[in-house]
Each structure stands twice: as C-alpha cells, then as structure tokens.
Amino acid sequence: MPRIRVEVDGATYEDDVEPRLLLVHYLRERLGKVGTPVGCDTSNCGACTVLMDGMSVKSCSVLAVQADGQDVTTVEGLGVDGGTHPMQRAFHEEHALQCGYCTPGMIMASLDLLRENPDPSEDEVREGLEGNLCRCTGYQNIVKAVRRAASEMREPGRQEVTP
C-alpha cells in the first residue's frame, strides 16, 4: 500500500492508503473531517469541494494518493482561533443556505473564485460557481454572500482569501 503524507487543515498526517481510495473518503473516514460531504460521487454536484494547495478540487474525483505532499483545506479548517472565516459569516448573514448540504463545497469554491478574482460581479460569481449545485436556494443569496465576503476580505487588515 502506498504511504502518503498530507497536511490537512494545518495538521500533518502520514497514512498507508489503498491506491483507489478517494480523497473525500480519506478525509471523512480516516481523519474524521465530516464537514466535507459525499454528494453525488460523480463530480457533478461540488458538495465535496476542498482546497488543495489553494485551488478548489472535487474530492470525490481526486485519489488520496494524489494529495501526497499537498496542503488540503476543508471547511473545518477555515477561520482563525476558533472564529469563523468571512466567507462562512457571509453565508450565514445573507441566508445563503437552506438544507446546508452544498454549503461546504460552495464556500470552498467561492474562496478559490476570490483567489482568482477578488471583486467579482454577480455574473462572474454565478459563472465561477457553476460547477457547484444547490437544489434549495436559487443561488441569489449565495451570490450576495460571495460578494459580501469579497468586499470584507478586501478591507485592510482582514483575513486573506486563502486560509
């Protein structure tokens, strides 16, 4: 079995893994990072999105062995000193969730979007998140939340886009 070394949410893990083990299952079953849901298992919905070296990936389409030597951030790794990240706060304050199943992936994909475009228009947010599906909200409040977080994160002294 291959041995991997991966940093997840600031902690380093070394594990032997089956070559076919998906990153989403490694995170949930081995590391207990259950904030990353298993959605469709086909990379269509984006609920399992995490950041790998700062870029969003759908963890159901990445093998754990591909994360060897990488820095992975899950929704549970956001925020500083137990506080919430500006994107998490914006999703809460703008009521950008209903059932919440897609929320972790939406938040992580939104952070990658802001890494590339720190001041996106409404259309750019919609385009940037089109790989993540929400069946409840209609997206309007998600777009508002991303734009609100973008504005807050551009303020001097605020948390950087990448955690």
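The values are calculated or read from the model by the stated rules, or taken from the named source; none is laboratory data. On a predicted model such as this, the values are computed, not experimentally measured, just so you know. Reconstructed Cβ throughout: ideal geometry from the backbone, glycine too, with neighbour counts over all protein chains shown. The area values use the complete protein model at the heavy-atom level, side chains included, leaving out ligands, DNA and RNA. Shrake-Rupley method; radii C 1.70, N 1.55, O 1.52, S 1.80 Å.
Tabulated values for the structure
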item	result
Helix 140-154 vs. the chain, principal-axis angle (Cα, 0 to 90°, nearest 10)	90 degrees
Residue-level accessible surface for Ser151, protein heavy atoms, 1.4 Å, Å²	50 Å²
Among Asp123, Asp71, Asp112: highest mean-square fluctuation, GNM of the chain, C-alpha pairs under 10 Å	Asp123
Computed FRET value (nearest 0.05) for Gln140 with Met1, which takes r as the C-beta separation and R₀ as 35 Å	0.15
Lys, Arg +1 and Asp, Glu -1 on Cβ, resulting dipole of the chain about Cα centre, debye, nearest 20	380 debye
Value at 222 nm in deg cm²/dmol, rounded to 500, when DSSP H runs of n ≥ 4 in the chain each add -39,500 (n - 2.57)	-8000 deg cm²/dmol
Protection-proxy order for peptides 77-84, 90-97, each taking the mean of Cβ atoms within 10 Å per residue, highest first	90-97, 77-84
More than 13 Å apart - percent of Cα-Cα pairs taken over the range 86-154	55 percent
Alpha-carbon centroids, the range 42-74 and the range 1-33: separation in whole Å	11 Å
Diffusion coefficient, µm² s⁻¹, Stokes-Einstein with Kirkwood Rh over alpha-carbon pairs of the range 9-110 at 25 °C and 0.890 mPa s	177 µm²/s
